[in-house]
Amino acid sequence: MEKPAKPGQQVLVALRRMIADGTIKPGDRIAEIPTAEALGVSRMPVRTALRALEHEGLVVKLGARGYTPRTMDAAAIAGAIEVRGVLEGLAARRVADRGLTLAEAADLEAILAEGDALFAKGHLVDSDLDGFYRYNIAFHDLLIVASGNPSIALALGRNNHLPFASAAALALDWDDLEGEYHHLLKAHDEHRAVFAAIRAGDADQAEQLMRDHAAVAIANRRAFRMLDAER
């Protein structure tokens, strides 16, 4: 039976996951037409996804022949995610130290409420991927802006070009919606805990929680089986 279409974020996540788990290996050619046919979509979302993956440092262009995954190693991925944790932890510390404005608190609460609504039904559906992506990026971006330190955003922007470093670089198994429900709910609970620490003015706790939040991605070996195969 043909799989349902995977537009937008689902194409991006599907390709990122196939690179992460070794289904697509460095040297394999990723071309628009066969990839679109395999995923049951048009060429446009595949083209958009490949450009995004190139921006993330996950694939390199083979001229007119398509793309191929970059060669990666576990230490480089772990290091980039660790740097993100340090930078986002610094942002959380700064926000907790100086306190949130009423507008910042309202914005963070509103985006967290979107996360609450996403998980309230107790399961995920296909369309929830786009919702979680928007919610997740909005939370991280709001935190960085609230830090009041534009250098943090600049440093994160550079770091986000490294494979799997960005908070947006979700390597999810969307064929296992139950498993990903629990995985993403944990991430949402961590966001809530960071917000609570910031509201309480506990800078040490806010920073550590944000660092731990990034470290979960490093520990997710299930998503990076291609690195285990290289050991």
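The values are calculated or read from the model by the stated rules, or taken from the named source; none is laboratory data. Keep in mind it's a predicted model, so treat the numbers as computed, not measured. Cβ sites come from the backbone with ideal geometry, for glycine too, and all protein chains shown count toward neighbours.
When you scan the range 127-135, do you find a residue that is without any contact (Cβ under 8 Å) to a residue 24 or more places away in the chain, out of contact with any strand residue (DSSP E or B) (no Cβ under 8 Å at 6 or more places or on another chain) and farther than 23 Å from Leu185 by Cα, even just one? Checking the range 127-135: not a single residue is without any contact (Cβ under 8 Å) to a residue 24 or more places away in the chain, out of contact with any strand residue (DSSP E or B) (no Cβ under 8 Å at 6 or more places or on another chain) and farther than 23 Å from Leu185 by Cα. Per this entry, Ala49 is not counted among residues that are in contact (Cβ under 8 Å) with a residue 12 or more places away in the chain, in a helix (DSSP H, G or I) and either within 30 Å of Glu207 (Cβ to Cβ) or in contact with a strand residue (DSSP E or B) (Cβ under 6 Å, 6 or more places away or on another chain) (or both). Restricting attention to the range 15-34, the residues being under 23 Å from Asp128 (Cα atoms) and touching a helix residue (DSSP H, G or I) at 6+ places or on another chain (Cβ under 6 Å) number 3. Gly57 passes every criterion in (1) in the same structural domain as Leu162 (by TED's automatic domain parsing); (2) more than 18 Å from Ala200 (Cα to Cα); (3) touching a Leu at 6+ places or on another chain (Cβ under 9 Å); (4) not basic (Lys, Arg) apart from (1). Contact map, the range 15-32: residues that are on the phi > 0 side of the Ramachandran plot paired with residues that are of a type in the set (S, T, N, Q), Cβ distance under 7 Å, separation 6+ or inter-chain. Pairs shown: Gly27/Thr68.
Out of all the residues in the range 22-29, is one or more outside the structural domain of Ile218 (by TED's automatic domain parsing), part of a helix (DSSP H, G or I) and either under 27 Å from Val125 (Cα atoms) or at pLDDT 95 or above (or both)? So far as the range 22-29 goes, no, none of its residues is outside the structural domain of Ile218 (by TED's automatic domain parsing), part of a helix (DSSP H, G or I) and either under 27 Å from Val125 (Cα atoms) or at pLDDT 95 or above (or both). Checking each residue in the range 52-84 for being assigned to a helix (DSSP H, G or I) and over 23 Å from the mean Cα position of the chain (by Cα) picks out Gly63, Ala64, Arg65. Within the range 194-207, the residues that satisfy the criterion of being surrounded by fewer than 16 Cβ atoms within 10 Å (Cβ to Cβ) and part of a helix (DSSP H, G or I) are Ala196, Asp204. Here Leu108, Leu87 are screened, and the one residue that is over 18 Å from the mean Cα position of the chain (by Cα) and in contact (Cβ under 8 Å) with a residue 60 or more places away in the chain is Leu108. Kindly check whether there is at least one residue in the range 61-72 that is under 30 Å from Ala146 (Cβ atoms), at pLDDT below 95 and exposed (fewer than 14 other Cβ atoms within 10 Å of the Cβ). No.
Within the range 184-221, the set of residues being more than 14 Å from Val95 (Cβ to Cβ) and basic (Lys, Arg) comprises Lys186, Arg192, Arg211, Arg221. With the structure loaded, tell me whether Ala113 is of a type in the set (A, V, I, L, M, F, W, C), surrounded by fewer than 17 Cβ atoms within 10 Å (Cβ to Cβ), farther than 26 Å from Ile77 by Cβ and modelled with pLDDT of 95 or more or whether it fails that test. Criteria met by Ala113.
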